[in-house]
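Taken together, the values in this text are just the output of simple stated rules run on the coordinates, not laboratory data. As the structure is a prediction and not an experimental result, all values here were calculated from the model. Positions of Cβ are generated from backbone atoms using ideal geometry, with glycine treated the same way; all protein chains shown enter the neighbour counts.
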């Protein structure tokens, strides 16, 4: 059996679109004006633009080539394997794109009356049912545009719930392995963060948690499986500790892919759950967005959800917007959320169904366990326990021999794969976090494992190859310190070509998620 | 229909390698009591043919802006999406890529975002644009967070009429840091009352104005900048970028932070999202900027390279002290905005503004002449205007829809209880024709007569 092809990105540099500009050249035009032109005083002189914005002047053909060439200098799932831990970079089915492009969805204005948007409302109500089924929750808001947006929404609901009960609590607990968005969202919601340590097995130290809880604790935010890829087997005890002081349990859905149809946050005792549909429900990441971060809550929190919410009026069979009452925290999005992403997620949920979603978790966990098995003799597993959908390696042994996790990650690029997530979670020395997802073949997993094993051997045989990697990518390591020190966030017409002095600093050891 | 590639043989061999005999053993870490062993309460999977048939059925239950002639705006506009935009955005190398944290594999997205940032900087008149926020509403909240951090003050003043949907987002999010949102009245022109703003802003972190306003009227950004700055507040301008070929850049008039809804360039209506939140600021505020920022640098060979920079502001580094919690943003939509702006170029952007302005003025005149409507406000406007009808605007819109028109937004839907039941907000983009505008005026006239 032949190994999968190793993709190569385009090496040729591409000029900035502004550097292609020629005065008088253009692409788009407006129709000939078929109404009287506006009189000169239609806009007061003081408000008129003096100098035209320096947009590029380029023909359509050149623009298409420019952006096509840029795309060829970029790696996507459609290009190759993306073993990014915590990101669930699975295949994005193309049927979802066809669904989202239907004029009845794509050309719908968000403020059209309910009578004109029955199909869209029905799609949302049906997707809400599916997400409730998956999470074991009672109601959903679709307004959050991304996971972190869902976190803030959930924390504001947490706060509104406690304040409704006459309590101004101040603390939210997160594990020391948490994503950065968790503490950042906690701050924005007006709470302070407290970290509960992980124990020697990589799980929440439940005894420490039980000592931390008090009636000043608003809640606890965790992923399960946690960011080490390990299932928090004491989750019921964790829930009991939080609930015993009246706190709420928040489920960060970053790792929901591991348990689809095999376990439900609602059954574990969670009160609030956000999902990353751009992970679990296979909508494309788009180079960093758009995603969708719908939030599901238990029955007692449904009245606090942002409004309006899509609803079915059982009496008439008509779909409506339910405004809710004064308990709702209010609006989180200009309109109803990233509807185009919700259409894609809906098509995915319909295609997979109850049977297919369960298989997602099974194949994702199988792939992760297989890959961990292939690599554990070469790299240390950060915690020696059976992982779920992802696992964390430590390159501490490799570091002693002269290669850091970042060096290994950069060398992975030369083998035609995207790098794993590195330096996260923060509690693991030289962390390399790997999530293969369910849509990769065993051949790809083997090829990736072979590459990581070969790289390990190179640490001794060809150490410079790692230090200076990547060698086959469109650029070598960029000078990130210079980018921050001499901030250059845009092009100017009088820019000189960047000098050919050698870059000094390599990438800092910082998380890459 | 499933997308996992495993054959039965694959599964068996992988289980053998792991030394286990069943898939169930993979889930052994989950305590028995928490294992879900029923079927999820949703239908079983369908083929691609069936899924697309079902969704086409749902889509057909909607009446889209292809079925109705769209004069509805209020934050989402039926502008032309250039044909080249989505074929380029649909390229898998863009659409299925991750956040460009590995710059060596992401120069395409990084360079395109750098070009987007440059275009936003040109349109807003401020040097530093980030790589996108969620939408125009969340951009208001993020701009307020910047002003709060910069001034240490905990009140913001809303000048004139800002889209009530954006203010809804702001009021929700303001509860976290306990920021007070002070609304001020608008004058007969439908624009900010400078005296009211001055009185409210002396201890505020920022003055927020929408330009053109929610009512479409042009605000005096320069005067508002003076008012805000004299009290030590920042000026935040929510700007309609489609006007940027005609209207002076807010940054050139004294705005400190300019935000916008980027939907009109390259993004479909999509029932409200995904759109793209735009934010730009001055260089001295760069370290308070939320979200991702692309910067230029060099690689080891001295070649030009692009990276995510000033990451010490962001949640994955700074955690609870980050300037924002935003991680995933709207990159692909921002790329769409950049491509559409490049397609227009400076001449196209100016023509776009002139076309919208001329058609909006023609539409208002026809509605006055044919439908007996009166302008609700007397200030100059750009592509959207508020008009008083001789009948209830909601009822008129219902009747006009039967004639094939999305006549506009009945303003009372978003501003209830303010005596605006007869006010219609009409948006006119470059896509509308002379005949469509005449038809709208006649349909509204007919509806008003029937309601009388």
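For segment A:96-351, the Cα gyration tensor yields ellipsoid semi-axes of 32, 20, 15 Å (square root of five times each eigenvalue, largest first, whole Å). When DSSP beta bridges are limited to those with both residues in segment A:96-351, what percentage is antiparallel, rounded to the nearest 5? Around 45 percent of the beta bridges assigned by DSSP in segment A:96-351 are antiparallel ones. The order of the peptides A:105-115, A:207-217 by mean Cβ neighbours within 10 Å, most packed first, is A:105-115, A:207-217.
Cα centroid separation, segment B:131-197 to segment A:158-213: 29 Å. Spatial offset of segment A:333-371 relative to segment B:49-92 amounts to 23 Å, using the alpha carbon center of each. Over all pairs of different C-alpha atoms, the protein assembly as shown has a mean inverse distance whose reciprocal, the Kirkwood radius, equals 28.4 Å.
Peptide B:61-74 shows a mean partner chain C-beta count of 6 within 10 Å per residue C-beta. Helix B:221-230 and the longest principal axis of the C-alpha atoms of chain B enclose an angle of approximately 80°. Each of the peptides A:422-431, B:368-377 was scored by the mean count of other Cβ atoms within 10 Å over its residues; in descending order, highest first, they stand as A:422-431, B:368-377. Taking every DSSP beta bridge that has both ends in segment A:127-228, the antiparallel portion is near 10%. The long axis of helix B:331-371 is offset from the longest Cα principal axis of chain B by roughly 30 degrees. Taking 17 Å as the cut-off, no amide N atom of segment B:343-380 comes nearer than this to a point 7 Å along the Cα-to-beta-carbon line of residue A:45. Dividing the Cα radius of gyration of segment B:311-364 by its Kirkwood radius returns 1.31 for Rg/Rh. With Cα atoms defining each centre, segment A:236-307 and segment B:329-400 are spaced 41 Å apart in the structure. Between residue B:16 and residue A:22, the simple spin-label model (points 7 angstrom out along Cα→Cβ) gives 6.4 nm. Peptide B:213-224 has a mean shielding of 1, counted as Cβ atoms of other protein chains within 10 Å of each residue's Cβ.
May I ask you to list the residues of segment A:315-331 whose amide nitrogen lies under 20 Å from a point 7 Å from Cα along the Cα→beta-carbon direction of residue A:125? What the label zone holds, given the 20 Å backbone N cut-off, is A:315-325. Taken residue by residue and averaged, Cβ atoms of other chains lying within 10 Å of the Cβ of B:44-57 number 6.
Assuming 0.692 mPa s and 37 °C, estimate D for chain B with Stokes-Einstein, Rh taken as the Kirkwood radius over Cα pairs, in µm²/s. This corresponds to a translational diffusion coefficient of 135 µm²/s. Projected over every direction and averaged, the convex hull enclosing the alpha-carbon atoms of chain A yields 30.4 nm². May I ask you to list the residues of segment B:194-208 whose amide nitrogen lies under 18 Å from a point 7 Å from Cα along the Cα→beta-carbon direction of residue B:178? Only B:204-205 fall inside the zone, counting backbone N under 18 Å.
Distance between the 7 Å Cα→Cβ label points at residue A:460 and residue A:243: 5.4 nm.
Mind ranking A:242-248, A:7-13, B:183-189 by how tightly packed they are, going by the mean number of other C-beta atoms within 10 angstrom, highest first? Intermediate values should be presented prior to the final figure.
Values: A:242-248: 19.6, A:7-13: 14.7, B:183-189: 16.7.
Packing order, densest peptide first, comes out as A:242-248, B:183-189, A:7-13.
Take the Cβ-Cβ distance between residue A:426 and residue A:326 as r, set R0 to 51 Å, and report the resulting FRET efficiency rounded to the nearest 0.05.
It comes out at approximately 0.80.
Take the Cβ atoms of residue A:163 and residue B:56, set R0 to 56 Å, and the FRET efficiency comes out at 0.80. Expressed to the nearest 5 percent, the antiparallel share of DSSP beta bridges inside the protein assembly as shown is 60 percent. Helix B:107-124 against the longest principal axis of chain B: what's the angle in degrees, Cα atoms only, rounded to the nearest 10? Between the helix axis and the principal axis of chain B, the angle is about 10 degrees. In this label model, residue B:442 and residue B:300 are separated by 7.2 nm, measuring between points 7 Å along each Cα→Cβ vector.
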